[in-house]
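The values are calculated or read from the model by the stated rules, or taken from the named source; none is laboratory data. On a predicted model such as this, the values are computed, not experimentally measured, just so you know. For accessibility, only protein heavy atoms count, side chains too; no ligands or nucleic acids. Shrake-Rupley method; radii C 1.70, N 1.55, O 1.52, S 1.80 Å.
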Amino acid sequence: MTRTNTNDRLRRLELLAVQLKQDGLCTIKNLADLHNVSERTIARDLQLMRDQGLPIDADRGRGGGVRLDRHWGVGRLNLNYPEAVDLLISVAVAEQMNSPMFLANLASIRRQLIASFSSDKRYKVSGLKSRILIGATASTFVQKTIVSTNDRAVQALHQAFLDQRSLDIRYKKESGEESKRSMEPHYLLLNYPVWYVLAFDHLRNAPRAFRCDRLLSAEVSDERFRLLPKSKFQQSLKGNDVI
């Protein structure tokens, strides 16, 4: 419980610094409501931030505002695991698309992100770029069938993808029929703006492509898998002109 409370507070302090920088002027009451804690807790947090050297000013009187000096930079960015994974995948996509714009610092960003992972995950995420595939733009017909993604299912997919673990899913087919599957997520394929996971489907005992927006739920299993070569998924990649 103590560790959880400490982690919650550290995360709250990070968010407070960002909010004070972005919003300019906030009240303690607004910050307390936003973080679902008491005003006394926010006041203690702000004092701790001052003790750490952050230039926080406060207006006197009830309901007074607090602000962070506008010349102060947020500094080091701390991301949790799902945030780092999402950003790393985004960087890999940008690198694969090879756009001439905004690419100057991507390699450096990717190296810093990889360094932020624990040593047991670092080797696996370093090869992430080769497992992100960019194909042709999705047809107008396919784009019209896009549905909202299940965020929790996508986070589970990302974790299983990086850790090379099997995933137990509920999936909705194009016909509307639902099925339960156990699959190994080997590659991610973007037919902009539609994402697919190229996986080994244990139900069919064969490689298959699943649309990520049709994942109804997903749970990471303890079963690990060895990465298959892209050649095993040629049927799914036909006509995609993948880079």
Accessible area of the chain divided out per residue, in Å², using a probe of 1.4 angstrom:
62 Å²
On a straight-distance basis, which aspartates and glutamates could pair with Lys173 in a cross-link, Cα separation under 16 angstrom, same-chain partners fewer than 8 positions away excluded?
Asp201, Asp213
For the chain, modelled as a Gaussian network with Cα springs under 10 Å, which listed residue fluctuates most, Pro185, Pro55, Pro207?
Pro55
Share (percent) of C-alpha pair distances in the chain greater than 29 Å works out to 45 percent
Within a Gaussian network of the chain (alpha carbon springs, distance under 10 Å), most fluctuating of Asp213, Asp51, Asp168:
Asp51
Using a 1.4 Å probe on the protein chains only, how many percent of the accessible area of the chain belongs to carbon and sulfur?
49 percent
Pairs from Lys124/Lys172; Lys121/Lys172; Lys124/Lys230 whose Cα-Cα separation, in the structure shown, is over 28 Å
Lys124/Lys172; Lys121/Lys172
